[in-house]
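Scroll down for the structure; my scribbles are underneath it.
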Amino acid sequence: MSAYTQEQVNYLVEGKLDWETTMRMLSMPKDADRFRMYLATLQSSLPWDDKIILPISLHLYIAQNKTTKEWVTKCSCGHEFGDYRKNWKLEALVYVRDTPEAMREVYPTLMAPDTNWQVYREYYCPECGTMHDVEAPTPWYPVIHEFEPDIEAFYNDWVHLPLPEKAN
Amino acid sequence: MNKMSRNESGWPDLLGNGKTLKQHRDEVLARTKETGFYNGLERLEFKEADPITYEKLFSRIRGGLVHARETAKKIAASPIVEQEGELCFTLYNAAGDCILTSTGIIIHVGTMGAAIKYMIENAWETNPGINHGDMFTNNDCSIGNVHPCDICTIVPIFWEGKLVGWVGGVTHVIDLGAMTPGSMSSGQVSRFGDGLQVTCRKTGINDTPLRDWLHESQRNVRTAKYWILDERTRIAGCHMIRKLVEEVLEAEGIENYTKFAHEVIEEGRRGLQLRLKAMTVPGIYRRVSFVDVPYAHDDMSLASAFGKMNSIMHAPCEMTIRPDATWKLNFEGASRWGWHSYNANQVAFTSGIWVMLTQTLVPTARINDGAYYATEFRIPKGTWMNPDDRRTAHANAWHFLVSAWSGIWRGMSQSFYARGYLEEVNAGNANACNWLQGGGINQDGEVHAVNNFETAACGTGACAIKDGLNHNAAVWNPEGDMGDIEIWEMAEPLLYMGRNVKTNSGGYGKFRGGCGFETLRMVWKAQDWTMFFSGNGYMNSDWGLMGGYPSATGYRFEAHKTDLEARIRDGMSLPLGADRNPQNTQYERHISATAEVKRDKQCTTTEAIFENHDLYLNYLRGGPGFGDPIDRDCASVEKDLNSHFVLPEFAEKVYGVVISNDQDDVWVVDVAKTAERRKKIRKERIARALPTRDWMKEERERIITKHASVQVRHMFATSFDLSVKFKNEFKAFWDLPADWELLESELGVPSFGSKYRMDLSKLPDVRTVTLVEE
């Protein structure tokens, strides 16, 4: 079993870990303590102190609201998207690139999809404007609820960490 | 009462226990189902009792498989095999379950196993018979093969008169006599244009290929020379491995070998579950991908009018990882198979997933059918990845296979990210294409066909800690290589006028996708020559991850009547190097002003005539990006600009950098101004966007009024027809009226296959093998 220091995990999250250690992480059995250390790294980098339950995207977390103890989906800027079981995208802002002109803003001519076939849906945080996701479906496609984690099983049976209180 | 023995009744007792091969396989399956352990192996007794011998067996066999592959491929002349390594060898137990495999295109772990299982199910031991020294050849897509150009040779292994297993070897041949040249042709609407297809045919006895097979097969393909050497490659590898197994049996005994041949599969099954628990998060993951089938175009010549339409292939993926670390991959909602050559058999679809997972979840040499037994697949019958009609064409199944799996990539990566294993995150891969194909009379005056495998080196997806790799790999062949120019120029009558990184092809992101590359080819010393394009253009199959963009889509460039012969003779300028910015065309400045140029998004075409000195751009795609592009550090964007990985216009617009070009033509990013610009971009985003629920009201109206292109409506109509669940979920999401329906019959396009279909199982004396929940 491999083991890494908190400092190495910090560098990993920053994208600055040396290649030799990165290779070791890739090729050796996984370090079981990574999740706990990962949470510590992320928690220290955020402007808010609600407890992170599970990171779900580069700037999105399932977090425990420290006042209500409800688990919510939360942006790194602090904006809350509501109950963690609901699809956060429905509470976001969306910009749909469904015309050639809108596609032309992000790709050279001929290197973007034809919007009669495919559109790009960019989901933004209403508060800070971070682009959390780019969907690339056909027109009409339902907004995809990408991830419904089984957090209880994960904490209790997989990583054996105390499950934070949940009010909702 | 006297009873006839198996032998006397026409059933050879191959296993030496009085059971037929099917009875044996059925018992293995029953014990597996009953206990949840492969073949009922709750304990790995041999491994536990004698781990050293067990590991010795593993290492010796695995090493032998890899050695056989590396040695045998030197026999091949085809650059697809010899340069790109498009071959693999796999060892099976008597039930046809994979024990171990070599490196290479390991999708064929499952496809060759499916062929063996087909022989077992259909009593091959009685007719045509299974004996020591036999060889069987299979490339039949209706029983599991990916596409007909993957030819496999299967050799039974006997020990002291009893069947103890099988070895299979596969190579991807350059041509197999489809209606158009090249191994992955488009334009045929059914199996009957896919080329030579052989169903587990006995093609050799006493270790010697049969002469009728040799004569018949060689004249049914265009590239006979490569065909012969490819077959010798497969036979040599199989015989090397058979000899190895015989040596192992001599040294370790049949009892240990038999135990090993089953325990290692159960170990593989457990191994996958352990990895799931060690690396992922339990839960439900949903993703989807698509690919375009743009057949309503003048450059798609079809012999059958009912295939002449635009359509979209649809692959929704729901991945469920349960608390007990079992898992299920569900593709309900996929669209129906179509009248094109992009259909796939259920085994091709499921087996290919292991190619991908060995690069992330199970990066181990112990990949075998244990992983299959650890996975539940749901693939409804009638979908493009599990057709219910025996006419379907599969020659270019990779058109969508590669990206249909991308949903699993992204779901897995979500899981790795949540768990903190950022080093494993991969936003996806390029939809590996274009496939440059064609044929005619080559520079040596021979009938010839080409399928250029530069596409084995596309851009890879971005990771959560670094950029994707440029022009490096393809998901279907983890050892991908673009091949040497000098070799391709020997194999193809096409000179290289350029080979460069494809600017702006990698998906934008905090970490960008790897860029693809492009090669400009000029036809040279060919006669009666044709070529065509094969790739995605109107759609992008691989999405970005967590705010990253998909990679750029494909486009087509070809030029005819270029006058390059005269320009070369007169020492005039020539089109060389990259097509760096397709909106600022350069090639056209160095060919005749009256040249016929095609620049468009029609990246799938059928055979077009190419004269000597005509041009063809082979654009190999980039990979998708990870994370919001305005999080990308300025130094990386600067490096991208100066390496021609991104065009300045899009560095400014997408990455939000403020740049200048100094006196040495070096791009410089102003960090302070960029920070200010990025703040504005955030505000611009908020200003131009709508609350998602408001936008949904607008989109709902478009659905109510059925406002969408025919291909979009056709995709949904075929998915609805195959899955009531998918239709009901769609209607519930958009809150559509109960009587809202979308039927194929209302679209005004041909609907052959929508009502009347005939499955392979309806043929007489055929027992098909089903390996998924349908």
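A few notes on this one:
- Failed item in (1) more than 7 Å from chain B (Cβ to nearest Cβ); (2) surrounded by fewer than 22 Cβ atoms within 10 Å (Cβ to Cβ); (3) not charged (D, E, K, R), with A:Trp71 passing the rest: (2)
- Taking the criterion of being within 12 Å of another protein chain (Cβ to nearest Cβ) and either in a loop (DSSP other than H, G, I, E, B) or more than 30 Å from B:Gly554 (Cβ to Cβ) (or both), the only residue of the range B:285-296 that qualifies is B:Ala296.
Conditions tested, residue by residue: (1) closer than 27 Å to B:Ala427 by Cβ; (2) over 25 Å from the mean Cα position of the chain (by Cα); (3) modelled with pLDDT under 95.
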{"site": "B:Tyr257", "(1), (2), (3)": "no, yes, no"}
{"site": "B:Ala261", "(1), (2), (3)": "no, yes, no"}
{"site": "B:Glu266", "(1), (2), (3)": "no, yes, no"}
{"site": "B:Arg287", "(1), (2), (3)": "yes, no, no"}
{"site": "B:Met300", "(1), (2), (3)": "no, no, no"}
{"site": "B:Glu318", "(1), (2), (3)": "yes, no, no"}
{"site": "B:Phe331", "(1), (2), (3)": "yes, no, no"}
{"site": "B:Tyr342", "(1), (2), (3)": "yes, no, no"}
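- Subset tally (residues that are under 22 Å from A:Glu80 (Cα atoms) and in contact with a Pro (Cβ under 9 Å, 6 or more places away or on another chain)) for the range A:144-162: 5
- Condition check for B:Gly753 on (1) farther than 30 Å from B:Gln346 by Cα; (2) touching a residue at least 24 places away in the same chain (Cβ under 8 Å): one failure, at (1).
- Residue count for the range B:373-408 under the criterion of being touching a strand residue (DSSP E or B) at 6+ places or on another chain (Cβ under 8 Å) and part of a helix (DSSP H, G or I): the result is 8.
- A:Ser76 satisfies every condition listed in (1) farther than 18 Å from A:Lys166 by Cβ; (2) within 10 Å of chain B (Cβ to nearest Cβ) except (2).
- Meeting the requirement of 2 or more residues that are of a type outside the set (Ser, Thr, Tyr) and touching a residue at least 24 places away in the same chain (Cβ under 8 Å), the strands (runs of 3 or more DSSP E) wholly within the range B:593-688 are B:596-600, B:615-620, B:667-670.
- Criterion (in contact with a Gly (Cβ under 8 Å, 6 or more places away or on another chain), surrounded by fewer than 21 Cβ atoms within 10 Å (Cβ to Cβ), more than 8 Å from chain A (Cβ to nearest Cβ) and part of a loop (DSSP other than H, G, I, E, B)) met by exactly one of B:Asp467, B:Asp481: B:Asp481
- B:Pro282 meets each of the listed conditions (1) free of Cβ contacts under 8 Å to residues at least 60 places away in the same chain; (2) within 14 Å of chain A (Cβ to nearest Cβ); (3) surrounded by fewer than 22 Cβ atoms within 10 Å (Cβ to Cβ) apart from (3).
- Here B:Ala261 meets the list (1) in a helix (DSSP H, G or I); (2) under 30 Å from B:Gly537 (Cα atoms); (3) not β-branched (Val, Ile, Thr) almost entirely, failing just condition (2).
- Selection status of B:Tyr619, within 30 Å of B:Glu558 (Cβ to Cβ) and either modelled with pLDDT under 95 or surrounded by 14 or more Cβ atoms within 10 Å (Cβ to Cβ) (or both): yes
Residues checked against (1) under 24 Å from B:Thr223 (Cβ atoms); (2) out of contact with any Gly (no Cβ under 6 Å at 6 or more places or on another chain); (3) in contact (Cβ under 8 Å) with a residue 12 or more places away in the chain:
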position: B:Ile106; (1), (2), (3): no, yes, yes
position: B:Glu121; (1), (2), (3): no, yes, yes
position: B:Ile130; (1), (2), (3): no, yes, yes
position: B:Met179; (1), (2), (3): yes, no, yes
position: B:Ser183; (1), (2), (3): yes, yes, yes
position: B:Gly195; (1), (2), (3): yes, no, yes
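- Among (1) assigned to a loop (DSSP other than H, G, I, E, B); (2) more than 22 Å from B:Gly627 (Cα to Cα); (3) within 7 Å of another protein chain (Cβ to nearest Cβ), the one test that A:Pro164 misses: (3)
- Test for B:Leu742: is it closer than 17 Å to B:Ile312 by Cβ, within 14 Å of chain A (Cβ to nearest Cβ), part of a loop (DSSP other than H, G, I, E, B) and out of contact with any Ser or Thr (no Cβ under 7 Å at 6 or more places or on another chain): yes
- Test: residue in the range B:407-430 that is under 30 Å from B:Gly753 (Cα atoms), within 14 Å of chain A (Cβ to nearest Cβ) and touching a residue at least 24 places away in the same chain (Cβ under 8 Å): yes
- The set of residues in the range A:31-53 being more than 9 Å from chain B (Cβ to nearest Cβ) and within 17 Å of the chain's Cα centre (by Cα) consists of A:Ala40, A:Gln43, A:Ser44, A:Ser45, A:Leu46, A:Pro47, A:Trp48, A:Asp50, A:Lys51, A:Ile52, A:Ile53.
- Given (1) in contact with a Pro (Cβ under 8 Å, 6 or more places away or on another chain); (2) closer than 24 Å to A:Val119 by Cα; (3) among the acidic types (Asp, Glu); (4) surrounded by fewer than 19 Cβ atoms within 10 Å (Cβ to Cβ), number of the condition B:Glu699 does not satisfy: (4)
- Residues located in the range A:77-114, provided they are crowded, with 20+ Cβ neighbours inside 10 Å and of a type in the set (Ser, Thr, Tyr): A:Tyr84, A:Tyr95, A:Tyr107
- Test: B:Val724 is within 32 Å of the chain's Cα centre (by Cα), in contact (Cβ under 8 Å) with a residue 60 or more places away in the chain and under 18 Å from A:Tyr141 (Cα atoms): no
- The range A:1-30, residues that are surrounded by 15 or more Cβ atoms within 10 Å (Cβ to Cβ), touching a residue at least 24 places away in the same chain (Cβ under 8 Å) and more than 9 Å from every other protein chain (Cβ to nearest Cβ): A:Tyr4, A:Asn10
- Test for B:Lys33: is it outside any loop (DSSP other than H, G, I, E, B) and either within 30 Å of the chain's Cα centre (by Cα) or over 24 Å from B:Asn451 (Cα atoms) (or both): yes
- Boolean, B:Ser709 is at pLDDT 95 or above, farther than 24 Å from A:His79 by Cβ and more than 7 Å from chain A (Cβ to nearest Cβ): no
- Test for A:Val134: is it within 26 Å of B:Trp327 (Cα to Cα), within 7 Å of chain B (Cβ to nearest Cβ), in contact with a strand residue (DSSP E or B) (Cβ under 9 Å, 6 or more places away or on another chain) and not hydroxyl-bearing (Ser, Thr, Tyr): no
- Of all residues in the range B:263-279, those satisfying the criterion of being over 15 Å from B:Trp354 (Cα atoms) and at the interface with another protein chain (Cβ under 9 Å from one of its Cβ atoms) are B:Lys277, B:Ala278, B:Met279.
- Members of the range B:504-536 that are part of a loop (DSSP other than H, G, I, E, B), facing chain A (nearest Cβ under 8 Å) and in contact with a strand residue (DSSP E or B) (Cβ under 7 Å, 6 or more places away or on another chain): B:Lys510
The values are calculated or read from the model by the stated rules, or taken from the named source; none is laboratory data. Predicted model only: the values in this text are computed from it and were never measured. Cβ coordinates were reconstructed from backbone atoms using ideal geometry, including for glycine residues, and neighbour counts include every protein chain displayed.
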